[in-house]
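The block underneath contains the structure these notes are about, expressed in C-alpha cells.
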Amino acid sequence: MPSSPKPGPAPQPQPLPQSVVEEPTYADAPAERGQAPRLGQDELVEIGKQRLLGNYRPAPVVFVRGEGCVLVDARGDRYLDFAAGVAVNALGHAHPKLVRTIADQAARLMHVSNYFYNEENVLLAKELCEKTGFDRAFFCNSGGEANEAMFKLARRHFYAKGQKDKYRFIAFENSFHGRTLATVSLTGNPSYKEGFGPKLEGITHVPYGDLEAVRAAMGPDVCGIFVEPVQGEGGVMPAPPGFLPGLRKLADEHGALLLLDEIQTGMGRTGKLLGLEHEGVRADVITLAKGLAGGFPIGAMLLREELAGGLPPGTHGSTFGGNPLACAASRTVLAALYDDGLIEGAAKKGAYLGQKLAELAKRHPDMCEGERGQGLLRGILLKQGVDPRLALGRVREKGVLLTIAGNRVLRFTPPLIVTEREIDEAVRRVDDALSALRLESISAG
Ligand SMILES: Cc1ncc(COP(=O)(O)O)c(C=O)c1O
C-alpha cells in the first residue's frame, strides 16, 4: 500500500534553465531616437498626406515634443496646448511623475495576458472603485471600446436574468460615443454613420435635455439610458439642471440601467472626479478613457456588483486591456489628481477660464454668441456664418491649439495643470486671432 505523503515544506520551483535566466544584453539596441527631428516639417507633412489613411484632417504641423502646457513642432515653434489631445493630457506633457512611472514600469513589466492577474490592474481597479463608489472595473484601450463593453453588459445583464427582450437603449441626439459599430449606432449624429450599412437595431434617439421625450420613449424593453453628463463632441453642452436626476428616476421606474459615458467628463475634467457628481446622481455603470492615464491609451468601465454577472468568463475581453503599463500610468494620474489638488484646481481654473471666455465673447459680439461648459471643458459658441475651421487656423497661427466641437464651438480643454497665467496668455492670443479674422473679412469685402 502506498504510504500517504508526509506534510513537509512546500515544493520549491525548479530552477530555470540557464538560457532563460541569462542576463539579456541590449548591446544591439538601436541608438537613441530623435533628439532632433530627422526630417523637416514640410517633408513629414507630405509623407503623412501620402501614407496615412486620410480619415483625419490634420493641420500641417508636426509635433516633436512637449512640456507642461507647451507643444513644440518640428520647426521649433511653440504652442500653448489648450487641446491637450482632446481632453487627454491631464498632467500636460512630459510630467515628471508620469514619465518616471512609465519608464520604471516598462523596465519591470509591460504586458501579461488576462489569464493572470497583474499588480497594477488589481490596484488600479481597487483605487478607482474606492474613489468612485463602484464595485468592479473592466479595462480596455479606448473610449469606444469601453462604451462597447457598457453596451454589451447592459444587454447581457438582462439576457442573463431571462429578460431577452429587454435590449433597447435610449440615447441622445447630438451625442458622441465612439467609432465602433455599436458606439457609432449610439452616437446621435447621422454624419458618423453614413455608408456603414444598417445601423444596429434597438436604439432610440431623443433630444438631449428633454425629459418628456425620454419619458415618451421609455418602455419595458429599455435596458439602458446611454448619456454624457456634458455633450463634448456635440458642442460642449452641459446637461440642463435636473436632467440627469430625471433620467435616474425614469430608469428606476422602468427597471432600466443608467449608463454614463464619462469618457470626456471624467477624471477631474469638469471640476469633480466624475461629471455625475455635480448633481449627486447614482449611475449603474460608467465609462472612462481620455484623461484616465494622461495620454497612455486606456479605457475603463466601472459597475455595480449586481451587474458583474452579466459578463461571466468567456463573454467579453481585450488582449491589451488592463496591461500593467497602462494601469501604472493611470494610477499615477489618479494619485496626482488628489495629491496635487488638480480636481479642485479644474473647478477654480475652469471658472476663471469661463469668465475670461465670456468677456472675450462680449468683445467680439459679431463673431461669438457666448461661452459655455463646466470646469476645464469649455467652448466659445461662434455665430452662424463664422467658419470655425478658419477661426481654428487663425488661433493656431497665433500659437494656441484648440479643437472644434459640434458645428460651431471652439473647444478649450487644457491640461488640468494649466496656470491662470497660461489661461490669460491663451485668451489674449485667441482675442488677437479673432480681431485678425475680422479685419480679413472686412478687407475681403
Ligand atoms: C464622450 C465620448 N465617448 C466616447 C468617445 C470615444 O473615445 P475613443 O476615441 O477613445 O474611442 C469620445 C471621444 O471623443 C467621447 O468624447
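Yes/no matrix, rows are residues, columns are (1) in a loop (DSSP other than H, G, I, E, B); (2) of a type outside the set (A, V, I, L, M, F, W, C):
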site: G321; (1), (2): yes, yes
site: C327; (1), (2): no, no
site: A346; (1), (2): no, no
site: Y352; (1), (2): no, yes
site: P365; (1), (2): yes, yes
site: R389; (1), (2): no, yes
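Residues in segment 175-185 include none that are away from the ligand (no atom under 15 Å from the Cβ) and assigned by TED's automatic domain parsing to the domain that holds M218. Between A289, A329, the distinction of being over 24 Å from G235 (Cα atoms), touching a helix residue (DSSP H, G or I) at 6+ places or on another chain (Cβ under 6 Å) and surrounded by 18 or more Cβ atoms within 10 Å (Cβ to Cβ) belongs to A329 only. As a summary of the residue check, L53 satisfies the conditions (1) touching a residue at least 12 places away in the same chain (Cβ under 8 Å); (2) under 25 Å from Y192 (Cβ atoms); (3) surrounded by fewer than 16 Cβ atoms within 10 Å (Cβ to Cβ) except for the one numbered (1).
Being closer than 17 Å to L98 by Cβ, within 12 Å of the ligand (Cβ to nearest atom) and not aliphatic (A, V, I, L, M) is the filter here, so list the residues in segment 279-294 that pass it. Across segment 279-294, the qualifying residues are K290, G291.
Do you know which residues across segment 186-202 are within 16 Å of the ligand (Cβ to nearest atom) and modelled with pLDDT of 95 or more? Selection gives L186, T187, G188. Can you find a residue in segment 225-246 that is over 21 Å from the mean Cα position of the chain (by Cα), touching a residue at least 40 places away in the same chain (Cβ under 8 Å), farther than 30 Å from K97 by Cα and in the same structural domain as D165 (by TED's automatic domain parsing)? Within segment 225-246 (the criterion being over 21 Å from the mean Cα position of the chain (by Cα), touching a residue at least 40 places away in the same chain (Cβ under 8 Å), farther than 30 Å from K97 by Cα and in the same structural domain as D165 (by TED's automatic domain parsing)), the answer is no, since none of the residues qualifies.
Would segment 344-357 turn up any residue that is within 19 Å of N121 (Cα to Cα), polar (S, T, N, Q) and surrounded by fewer than 18 Cβ atoms within 10 Å (Cβ to Cβ)? No, segment 344-357 has no match at all. For the structure I just gave you, tell me whether E148 is surrounded by fewer than 24 Cβ atoms within 10 Å (Cβ to Cβ), among the acidic types (D, E) and either closer than 12 Å to T287 by Cα or outside the structural domain of N55 (by TED's automatic domain parsing) (or both). It is false that E148 is surrounded by fewer than 24 Cβ atoms within 10 Å (Cβ to Cβ), among the acidic types (D, E) and either closer than 12 Å to T287 by Cα or outside the structural domain of N55 (by TED's automatic domain parsing) (or both).
Scanning segment 253-272 for residues that are away from the ligand (no atom under 15 Å from the Cβ), outside any loop (DSSP other than H, G, I, E, B) and closer than 13 Å to A154 by Cβ turns up L257, L258. Contact map, segment 129-150: residues that are more than 16 Å from the ligand (Cβ to nearest atom) paired with residues that are among the aromatic types (F, W, Y), Cβ distance under 9 Å, separation 6+ or inter-chain. Pairs shown: K131/Y338.
The values are calculated or read from the model by the stated rules, or taken from the named source; none is laboratory data. The structure displayed is predicted, hence computed values, not measured ones. Heads up, the Cβs are rebuilt from the backbone with ideal geometry, glycines too, and the neighbour counts pull from every protein chain shown.
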